[in-house]
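Reading through the structure tokens given below for one structure.
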Amino acid sequence: MTKFIAYFRVSTERQGRSGLGLAAQHRTISDFVAGAGTLIAEFCDVQSGRDDSRAELQRAIQLAKRENAKIVIARLDRFSRRVSFIASILEQGIGLVCAEMPNATDFQLHIFAALAQEERRLISERTKAALAEAKRRGKILD
């Protein structure tokens, strides 16, 4: 039976406190693992996906290596929005399973990683534009 390590992430403390995003990820992963293997550990970060040196993520990766387990995530963008990081994980031989698309091949994960990376760039552009507009309207930004 396949061993899985669950990894969850939300970007902000507010999202972490509400628990809604984490609950949805838990449900997706639990539903997947129930029919595919055994969950041996769970790790969760409340931090931007921009930084791939997240403490809990690194712990999950190390445990996956030691236990020859696969890391299961609800969605690829919860893991990383950088193609190079996802590629490096796959090149290390660490199994990565996305519960929303469990049959995705490594090739498909690379494609979805590229889309997630582009979405990160677009989110940044939209945020900067919205902040600039708020500033033009006289809003004092923290």
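Details
- In sequence order, the stretch 114-125 has phi-based couplings of 5, 5, 5, 5, 5, 4, 4, 5, 5, 4, 4, 4 Hz under the Karplus curve 6.51 cos²θ - 1.76 cosθ + 1.60, θ = phi - 60°, and Gly or Pro positions carry x.
- Nonlocal amide H pairs with Val72, under 5 Å, H built at 1.01 Å: Ile5, Ala6, Tyr7, Val97
- Within straight-line cross-link reach of Lys139, lysines at Cα separation under 17 Å, skipping those fewer than 8 residues along the same chain: Lys128
- A crude spin-label estimate for the pair Glu118 and Met101, with each label 7 Å from Cα along the Cβ direction, gives 1.2 nm.
- Only one item in (i) 1.08; (ii) 1.20; (iii) 1.15 matches Cα Rg over 2.2 N^0.38 Å derived from the coordinates shown, and that item is (iii).
- Rolling a 1.4 angstrom probe over the protein heavy atoms with all chains in place gives the stretch 76-123 an accessible area of 51 Å² per residue.
- Shown for the chain: the carbon plus sulfur share of the solvent-accessible area, taken with all protein chains present and a 1.4 angstrom probe, equals 52%.
- Near Leu141, once Lys and Arg are set to +1 and Asp and Glu to -1 for all other residues with Cβ below 12 Å from its Cβ, the sum equals +3.
- Relative contact order computed over the stretch 10-142 (Cα-Cα under 8 Å; 6+ residues apart), in percent: 21
The values are calculated or read from the model by the stated rules, or taken from the named source; none is laboratory data. Fair warning: this is a prediction, and the values are worked out from it, not measured in the lab. Every residue, glycine as well, gets a Cβ built from its backbone with ideal geometry; the counts of neighbours run over all protein chains shown. Keep in mind that these areas ignore ligands, DNA and RNA; they rest on the heavy atoms of the full protein, side chains included. Shrake-Rupley method; radii C 1.70, N 1.55, O 1.52, S 1.80 Å.
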